[in-house]
Amino acid sequence: MNKKLSASLIGTSVGIMFSGSVAAATLEITIQNQSKGLYFTPVLASAHDSTVSFFKAGESASDALKALAEGGDFSGLASAVGNAGGVNVENASQGPIAPGASASFSIDSGDNPYLSIASMILPSNDGFIGVNQWKIPSRSGTYKVYLNGYDAGTEANDELKSSIPNPPFLEGKLGDNGSGVETNNTNTNIHIHPGNLGGQNSDFDATQHRWLNPLASLTVTVK
């Protein structure tokens, strides 16, 4: 089924430079799209406690994560954070993040000890990038975090234009004559995404839409 982005939206290595011991309060974050031809939908960034979990590899996706992974709709995840007393920066990237581009924003974490970030990968059926419950350091400094692409396991990866959101930034970048990619992947839990295949049965371009992890990097400065 073709999907539209929400109307409001139109692994992990760490490098550290310490500069003192303080409680985390303000986080300055830059997210970099490291792919050749993939876009990230508007980003949700949240600071929260341990009761909130965006996702966990090997487990089934929540309805909220499914909405994010299949349609870029982060409202369910944001609601869960808000209901738990956390802090959200919705559409933190101020729109989609193009291949090779970056976006910067800040979030005041207050006394929330964890940071989570999520965004849909386009084109994909149910791919997303994210970090879940990253422990906010108690020391100020700059930290580097690398993000993998995940498969939510909620939809077959048929790689058809008719099965995914088609926002303006994908105009002219997809085919429309694919018959559907067939795979033997029956994993319905969250897992590392196998990557787009492309080819004649796909509407995706193998030269642009394949990828190797990590797909994105975060530079987080804790002040």
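Any read-out appearing in this document is the output of simple, stated calculations on the displayed coordinates, not a laboratory observation. Model, not experiment: these values are computed from the prediction. Here the Cβ positions follow ideal geometry from the backbone for every residue, glycine too, while neighbour counts run over all protein chains shown.
Being touching a strand residue (DSSP E or B) at 6+ places or on another chain (Cβ under 7 Å), at negative phi and of a type outside the set (Gly, Ala, Ser) is a property that does not hold for Leu65.
Have a look at Ile136, Ile121 and point out the one that is within 13 Å of the chain's Cα centre (by Cα) and within 18 Å of Leu218 (Cα to Cα). If you could, list the steps in order and put the result at the bottom.
Numbers: Ile136 fails: within 13 Å of the chain's Cα centre (by Cα).
Exactly one residue qualifies, and that residue is Ile121.
Of Phe54, Phe105, Phe74, all but one fail to be more than 15 Å from Lys135 (Cβ to Cβ), surrounded by 21 or more Cβ atoms within 10 Å (Cβ to Cβ) and not β-branched (Val, Ile, Thr); the exception is Phe74. Out of curiosity, is Leu115 assigned to a helix (DSSP H, G or I) and out of contact with any Asp or Glu (no Cβ under 9 Å at 6 or more places or on another chain)? No: the conditions fail for Leu115. When segment 125-173 is filtered for residues that are in contact with a strand residue (DSSP E or B) (Cβ under 8 Å, 6 or more places away or on another chain), hydroxyl-bearing (Ser, Thr, Tyr) and part of a loop (DSSP other than H, G, I, E, B), only Ser138 remains. Contact map, segment 69-94: residues that are farther than 21 Å from Pro123 by Cβ paired with residues that are surrounded by fewer than 17 Cβ atoms within 10 Å (Cβ to Cβ) and β-branched (Val, Ile, Thr), Cβ distance under 7 Å, separation 6+ or inter-chain. Pairs shown: Ala84/Thr51. Just a yes or no: is a residue in segment 126-141 surrounded by 14 or more Cβ atoms within 10 Å (Cβ to Cβ) and over 29 Å from Ala25 (Cα atoms)? Yes, the conditions are met somewhere in segment 126-141.
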